[in-house]
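To keep things clear, I will list the structure first and then write my remarks on it.
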Amino acid sequence: TEAGMDPKVSSLVYVAARAPDAGEDYTALAKTFAAPPASAGLVWSEGYGKLSEEAFLRDFAGGIPHTKARILYAVQGPI
């Protein structure tokens, strides 16, 4: 990014991020990387997406009790 060129910026920290260079198209950049597991599990319907049950339980709610994870899957809203 160009943020590091600003005189008010003394340092930058990037954490698990990717960003296009100046003038670079983000969509073109994203195509050079494999889809993240959760993104591969998106299910689209009528213009809205949500995680499939398998992707939700495995990639999004992997660290919580299974019963709670299934409840959260059932009530997830569309993105």
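The values are calculated or read from the model by the stated rules, or taken from the named source; none is laboratory data. Small disclaimer: the values here were computed from a predicted structure and weren't measured. When we count neighbours, we look across all protein chains shown, and the Cβ atoms used for this are built from the backbone with ideal geometry, even at glycine.
Within the range 6-35, which residues are surrounded by 10 or more Cβ atoms within 10 Å (Cβ to Cβ) and either within 30 Å of Val75 (Cα to Cα) or polar (S, T, N, Q) (or both)?
Ala30, Ala35
Answer yes or no as to whether Ala19 is among the small types (Gly, Ala, Ser), out of contact with any Leu (no Cβ under 6 Å at 6 or more places or on another chain) and within 26 Å of Glu2 (Cβ to Cβ).
yes
Quick check on the range 40-57: of everything there that is free of Cβ contacts under 8 Å to residues at least 12 places away in the same chain and touching a strand residue (DSSP E or B) at 6+ places or on another chain (Cβ under 9 Å), which residue is surrounded by the fewest Cβ atoms within 10 Å (Cβ to Cβ)?
Ranking the candidates gives Trp44 first.
Across the range 27-38, which residue is modelled with the highest pLDDT among those that are under 23 Å from Phe60 (Cβ atoms) and either in a helix (DSSP H, G or I) or in contact with a Lys or Arg (Cβ under 6 Å, 6 or more places away or on another chain) (or both)?
Among residues in the range 27-38 that are under 23 Å from Phe60 (Cβ atoms) and either in a helix (DSSP H, G or I) or in contact with a Lys or Arg (Cβ under 6 Å, 6 or more places away or on another chain) (or both), the one modelled with the highest pLDDT is Ala30.
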